[in-house]
Ligand SMILES: Nc1ncnc2c1ncn2[C@@H]1O[C@H](COP(=O)(O)OP(=O)(O)O)[C@@H](O)[C@H]1O
Ligand SMILES: [Mg+2]
(Lines give C-alpha, C1' and ligand atoms only; values in the text may rest on other atoms or scores of the structure.)
(Ligands and ions follow the chains in the order given, each with its own letter.)
Protein backbone atom coordinates (compact mmCIF):
# COMPACT_ATOMS: atom_id res chain seq x y z
CA UNK A 1 0.00 0.00 0.00
CA UNK A 2 2.97 2.32 0.69
CA UNK A 3 6.01 2.38 -1.51
CA UNK A 4 9.13 4.43 -0.80
CA UNK A 5 11.10 4.38 -4.03
CA UNK A 6 14.78 5.46 -4.01
CA UNK A 7 14.23 8.48 -1.75
CA UNK A 8 17.06 10.96 -1.32
CA UNK A 9 17.09 14.23 0.58
CA UNK A 10 19.69 16.99 0.73
CA UNK A 11 19.95 19.95 3.09
CA UNK A 12 22.28 22.83 2.22
CA UNK A 13 24.14 20.73 -0.32
CA UNK A 14 24.66 17.82 2.11
CA UNK A 15 22.93 14.54 1.32
CA UNK A 16 21.27 13.27 4.50
CA UNK A 17 19.32 10.32 3.14
CA UNK A 18 20.30 8.43 0.03
CA UNK A 19 18.43 5.86 -1.99
CA UNK A 20 15.96 4.72 0.68
CA UNK A 21 13.47 2.16 -0.60
CA UNK A 22 10.99 -0.05 1.19
CA UNK A 23 7.40 -1.10 0.94
CA UNK A 24 4.69 -1.48 3.53
CA UNK A 25 1.82 -3.90 3.04
CA UNK A 26 -1.72 -3.93 4.36
CA UNK A 27 -1.93 -4.71 8.09
CA UNK A 28 1.82 -4.22 8.43
CA UNK A 29 4.01 -2.07 10.59
CA UNK A 30 7.55 -0.94 9.89
CA UNK A 31 9.83 0.18 12.70
CA UNK A 32 12.67 2.48 11.64
CA UNK A 33 15.81 2.67 13.78
CA UNK A 34 19.13 4.40 13.26
CA UNK A 35 21.56 6.78 14.94
CA UNK A 36 20.30 10.18 16.01
CA UNK A 37 20.53 12.68 13.16
CA UNK A 38 20.53 10.03 10.43
CA UNK A 39 17.33 11.36 8.86
CA UNK A 40 14.47 9.38 10.43
CA UNK A 41 12.23 12.41 10.97
CA UNK A 42 13.13 13.65 7.49
CA UNK A 43 12.00 10.28 6.13
CA UNK A 44 8.61 10.51 7.88
CA UNK A 45 8.12 14.05 6.55
CA UNK A 46 8.71 12.77 3.03
CA UNK A 47 6.29 9.89 3.56
CA UNK A 48 3.46 12.26 4.48
CA UNK A 49 4.20 14.88 1.83
CA UNK A 50 5.44 17.56 4.24
CA UNK A 51 8.88 17.54 2.64
CA UNK A 52 9.67 16.74 -1.00
CA UNK A 53 12.46 14.27 -1.77
CA UNK A 54 15.27 15.50 -4.03
CA UNK A 55 15.10 12.17 -5.81
CA UNK A 56 12.70 9.25 -5.77
CA UNK A 57 9.04 9.19 -4.88
CA UNK A 58 6.48 8.05 -2.33
CA UNK A 59 3.47 6.13 -3.57
CA UNK A 60 0.37 5.47 -1.51
CA UNK A 61 -1.94 2.96 -3.18
CA UNK A 62 -0.03 3.66 -6.38
CA UNK A 63 -0.51 7.44 -6.26
CA UNK A 64 2.35 9.87 -5.59
CA UNK A 65 2.24 11.62 -2.20
CA UNK A 66 3.32 15.16 -2.97
CA UNK A 67 1.56 17.23 -0.33
CA UNK A 68 0.03 16.67 3.13
CA UNK A 69 -3.28 14.85 2.99
CA UNK A 70 -5.85 14.06 5.62
CA UNK A 71 -5.75 10.29 5.22
CA UNK A 72 -2.21 10.16 6.61
CA UNK A 73 -1.91 10.70 10.39
CA UNK A 74 1.37 11.64 12.00
CA UNK A 75 2.13 11.47 15.73
CA UNK A 76 5.06 13.63 16.75
CA UNK A 77 7.36 13.32 19.73
CA UNK A 78 5.97 16.45 21.39
CA UNK A 79 2.34 15.28 20.92
CA UNK A 80 1.38 18.29 18.75
CA UNK A 81 -1.79 19.09 20.72
CA UNK A 82 -3.25 22.58 20.56
CA UNK A 83 -3.04 24.00 24.10
CA UNK A 84 -6.03 26.33 23.66
CA UNK A 85 -8.40 23.55 22.67
CA UNK A 86 -9.93 20.99 25.01
CA UNK A 87 -8.92 17.36 24.79
CA UNK A 88 -12.19 16.58 23.00
CA UNK A 89 -11.70 19.34 20.43
CA UNK A 90 -8.11 18.28 19.84
CA UNK A 91 -9.27 14.76 19.00
CA UNK A 92 -12.13 16.06 16.82
CA UNK A 93 -9.86 18.45 14.90
CA UNK A 94 -9.04 16.20 11.96
CA UNK A 95 -12.70 15.25 11.57
CA UNK A 96 -13.63 18.89 11.15
CA UNK A 97 -11.20 19.12 8.25
CA UNK A 98 -12.92 16.06 6.78
CA UNK A 99 -16.28 17.86 6.94
CA UNK A 100 -17.87 15.64 9.61
CA UNK A 101 -20.86 17.25 11.39
CA UNK A 102 -20.36 18.72 14.86
CA UNK A 103 -22.48 16.17 16.71
CA UNK A 104 -20.77 13.29 14.94
CA UNK A 105 -17.33 14.76 15.62
CA UNK A 106 -18.13 14.96 19.28
CA UNK A 107 -19.40 11.40 19.40
CA UNK A 108 -16.46 10.03 17.46
CA UNK A 109 -13.95 11.92 19.62
CA UNK A 110 -15.53 10.49 22.76
CA UNK A 111 -15.44 6.93 21.45
CA UNK A 112 -11.72 7.33 20.64
CA UNK A 113 -10.99 8.92 24.03
CA UNK A 114 -12.85 6.14 25.80
CA UNK A 115 -10.76 3.59 23.92
CA UNK A 116 -7.61 5.23 25.29
CA UNK A 117 -8.94 5.63 28.82
CA UNK A 118 -9.11 9.43 28.51
CA UNK A 119 -12.85 10.12 28.28
CA UNK A 120 -12.96 11.61 31.77
CA UNK A 121 -10.50 14.28 30.66
CA UNK A 122 -12.46 15.34 27.56
CA UNK A 123 -13.18 18.85 28.88
CA UNK A 124 -9.66 19.48 30.19
CA UNK A 125 -6.88 21.33 28.38
CA UNK A 126 -3.67 19.54 27.29
CA UNK A 127 -1.55 21.64 29.66
CA UNK A 128 -3.22 19.96 32.63
CA UNK A 129 -2.30 16.44 31.46
CA UNK A 130 0.85 14.39 32.09
CA UNK A 131 3.10 13.50 29.15
CA UNK A 132 1.63 10.00 28.96
CA UNK A 133 -1.91 11.35 29.02
CA UNK A 134 -1.13 13.86 26.28
CA UNK A 135 0.29 11.08 24.18
CA UNK A 136 -2.91 9.06 24.68
CA UNK A 137 -4.89 12.02 23.38
CA UNK A 138 -2.52 12.33 20.41
CA UNK A 139 -3.07 8.65 19.62
CA UNK A 140 -6.86 9.07 19.93
CA UNK A 141 -6.66 12.01 17.53
CA UNK A 142 -4.50 10.12 15.03
CA UNK A 143 -6.94 7.20 14.90
CA UNK A 144 -10.07 9.37 14.88
CA UNK A 145 -9.86 10.20 11.18
CA UNK A 146 -9.55 6.52 10.26
CA UNK A 147 -6.30 7.11 8.41
CA UNK A 148 -5.02 5.01 5.56
CA UNK A 149 -1.51 5.33 6.96
CA UNK A 150 -0.08 6.18 10.40
CA UNK A 151 3.35 7.68 10.95
CA UNK A 152 4.82 7.86 14.45
CA UNK A 153 8.01 9.76 15.31
CA UNK A 154 9.52 8.45 18.57
CA UNK A 155 6.08 8.77 20.14
CA UNK A 156 6.91 7.33 23.54
CA UNK A 157 10.50 8.48 23.96
CA UNK A 158 9.87 11.23 26.50
CA UNK A 159 7.87 8.98 28.83
CA UNK A 160 9.08 7.03 31.85
CA UNK A 161 9.67 3.31 31.31
CA UNK A 162 6.44 2.12 32.90
CA UNK A 163 4.20 4.63 31.11
CA UNK A 164 6.00 3.81 27.94
CA UNK A 165 5.29 0.09 28.21
CA UNK A 166 1.66 0.75 29.08
CA UNK A 167 1.26 3.00 26.06
CA UNK A 168 2.94 0.49 23.77
CA UNK A 169 0.35 -2.02 24.93
CA UNK A 170 -2.49 0.47 24.39
CA UNK A 171 -1.13 1.29 20.95
CA UNK A 172 -1.03 -2.42 20.12
CA UNK A 173 -4.61 -2.93 21.35
CA UNK A 174 -5.89 -0.08 19.20
CA UNK A 175 -3.75 -1.10 16.26
CA UNK A 176 -4.98 -4.70 16.37
CA UNK A 177 -8.56 -3.48 16.08
CA UNK A 178 -7.80 -1.26 13.08
CA UNK A 179 -4.69 -2.74 11.51
CA UNK A 180 -3.77 0.63 10.06
CA UNK A 181 -0.47 0.30 8.18
CA UNK A 182 2.08 2.19 10.28
CA UNK A 183 5.65 3.42 10.15
CA UNK A 184 7.17 3.95 13.59
CA UNK A 185 10.47 5.70 14.22
CA UNK A 186 12.02 4.72 17.53
CA UNK A 187 15.41 4.70 19.19
CA UNK A 188 14.35 1.84 21.45
CA UNK A 189 15.30 -1.51 20.00
CA UNK A 190 12.84 -3.26 22.31
CA UNK A 191 10.07 -1.02 21.05
CA UNK A 192 11.06 -1.82 17.47
CA UNK A 193 10.88 -5.55 18.24
CA UNK A 194 7.51 -5.20 20.00
CA UNK A 195 5.83 -3.04 17.38
CA UNK A 196 7.54 -3.63 14.04
CA UNK A 197 6.48 -6.38 11.64
CA UNK A 198 9.67 -5.44 9.87
CA UNK A 199 12.54 -3.38 11.20
CA UNK A 200 14.43 -1.04 8.89
CA UNK A 201 17.89 -0.04 10.07
CA UNK A 202 19.27 3.20 8.62
CA UNK A 203 22.93 4.06 8.87
CA UNK A 204 25.96 5.58 7.24
CA UNK A 205 26.59 9.03 5.95
CA UNK A 206 24.52 9.75 3.99
CA UNK A 207 22.12 7.29 5.61
CA UNK A 208 20.86 4.34 3.60
CA UNK A 209 19.03 1.15 4.60
CA UNK A 210 21.63 -1.23 6.01
CA UNK A 211 19.19 -3.99 6.97
CA UNK A 212 15.51 -4.80 7.00
CA UNK A 213 14.74 -7.52 9.52
CA UNK A 214 11.67 -9.71 9.43
CA UNK A 215 9.72 -10.01 12.68
CA UNK A 216 6.68 -12.26 12.32
CA UNK A 217 6.28 -12.45 16.12
CA UNK A 218 5.68 -8.68 16.49
CA UNK A 219 2.70 -7.37 18.40
CA UNK A 220 3.45 -9.28 21.59
CA UNK A 221 5.10 -7.28 24.40
CA UNK A 222 6.47 -10.56 25.80
CA UNK A 223 8.36 -11.29 22.57
CA UNK A 224 11.46 -9.46 23.77
CA UNK A 225 11.81 -11.96 26.60
CA UNK A 226 11.57 -15.05 24.36
CA UNK A 227 14.59 -16.71 22.68
CA UNK A 228 13.26 -15.56 19.31
CA UNK A 229 12.91 -11.95 20.45
CA UNK A 230 16.25 -12.07 22.20
CA UNK A 231 17.97 -13.26 19.02
CA UNK A 232 16.36 -10.47 17.03
CA UNK A 233 17.40 -7.85 19.58
CA UNK A 234 20.96 -9.19 19.38
CA UNK A 235 20.95 -9.02 15.61
CA UNK A 236 19.62 -5.46 15.69
CA UNK A 237 22.25 -4.42 18.19
CA UNK A 238 25.05 -5.95 16.14
CA UNK A 239 23.75 -4.30 12.97
CA UNK A 240 23.66 -0.89 14.65
CA UNK A 241 27.10 -1.35 16.19
CA UNK A 242 28.50 -2.20 12.76
CA UNK A 243 27.32 1.07 11.23
N1 LIG B 1 14.91 21.71 7.57
C2 LIG B 1 16.19 21.37 7.68
N3 LIG B 1 17.18 22.18 7.26
C4 LIG B 1 18.48 21.84 7.35
N5 LIG B 1 18.90 20.66 7.86
C6 LIG B 1 17.96 19.82 8.31
C7 LIG B 1 16.57 20.11 8.24
N8 LIG B 1 15.88 19.05 8.75
C9 LIG B 1 16.81 18.15 9.12
N10 LIG B 1 18.05 18.59 8.85
C11 LIG B 1 19.30 17.86 9.09
O12 LIG B 1 19.16 16.57 8.56
C13 LIG B 1 19.74 15.59 9.41
C14 LIG B 1 18.70 14.55 9.79
O15 LIG B 1 17.76 15.13 10.66
P16 LIG B 1 16.53 14.30 11.26
O17 LIG B 1 15.74 13.77 10.13
O18 LIG B 1 15.83 15.18 12.22
O19 LIG B 1 17.29 13.10 12.00
P20 LIG B 1 16.74 12.04 13.08
O21 LIG B 1 15.26 12.18 13.14
O22 LIG B 1 17.20 10.71 12.56
O23 LIG B 1 17.40 12.36 14.37
C24 LIG B 1 20.32 16.37 10.59
O25 LIG B 1 21.68 16.58 10.35
C26 LIG B 1 19.55 17.65 10.58
O27 LIG B 1 20.33 18.70 11.10
MG1 LIG C 1 13.99 12.67 14.70
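Within region 214-238, the set of residues being in contact with a strand residue (DSSP E or B) (Cβ under 9 Å, 6 or more places away or on another chain) and surrounded by 18 or more Cβ atoms within 10 Å (Cβ to Cβ) comprises 215, 218, 232, 236. Determine whether residue 40 is within 16 Å of ligand 2 (Cβ to nearest atom) and modelled with pLDDT of 95 or more. Criteria met by residue 40. The residues listed here are 80, 34; of these, the one that is within 26 Å of residue 130 (Cα to Cα), within 16 Å of ligand 2 (Cβ to nearest atom), surrounded by 13 or more Cβ atoms within 10 Å (Cβ to Cβ) and in contact (Cβ under 8 Å) with a residue 24 or more places away in the chain is 80. Sort out which residues of region 174-191 are within 14 Å of ligand 1 (Cβ to nearest atom) and not in a loop (DSSP other than H, G, I, E, B), and write them in order of number. Of everything in region 174-191, those that are within 14 Å of ligand 1 (Cβ to nearest atom) and not in a loop (DSSP other than H, G, I, E, B) turn out to be 183, 184, 185. Just wondering, is there one or more residues in region 11-24 that are crowded, with 18+ Cβ neighbours inside 10 Å, more than 16 Å from ligand 2 (Cβ to nearest atom) and within 15 Å of the chain's Cα centre (by Cα)? There is at least one residue in region 11-24 that is crowded, with 18+ Cβ neighbours inside 10 Å, more than 16 Å from ligand 2 (Cβ to nearest atom) and within 15 Å of the chain's Cα centre (by Cα).
Return yes or no: is residue 154 in contact (Cβ under 8 Å) with a residue 40 or more places away in the chain and over 13 Å from the mean Cα position of the chain (by Cα)? No, not satisfied.
For (1) within 18 Å of the chain's Cα centre (by Cα); (2) in contact (Cβ under 8 Å) with a residue 40 or more places away in the chain; (3) loosely packed, with under 13 Cβ neighbours inside 10 Å, each residue gets a yes or a no:
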| site | (1), (2), (3) |
| --- | --- |
| 59 | yes, yes, no |
| 63 | no, no, yes |
| 109 | no, no, no |
| 114 | no, no, no |
| 121 | no, no, no |
| 126 | no, yes, no |
| 130 | no, no, yes |
| 144 | yes, yes, no |
| 148 | yes, yes, no |
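Residues in region 192-211 that are part of a helix (DSSP H, G or I) and under 13 Å from the mean Cα position of the chain (by Cα) were compared, and the one that is surrounded by the fewest Cβ atoms within 10 Å (Cβ to Cβ) is 195.
The values are calculated or read from the model by the stated rules, or taken from the named source; none is laboratory data. From a predicted model like this one, the values you see are computed outputs, not experimental measurements. Every residue, glycine among them, receives a Cβ derived from its backbone with ideal geometry; neighbour counts consider all protein chains shown.
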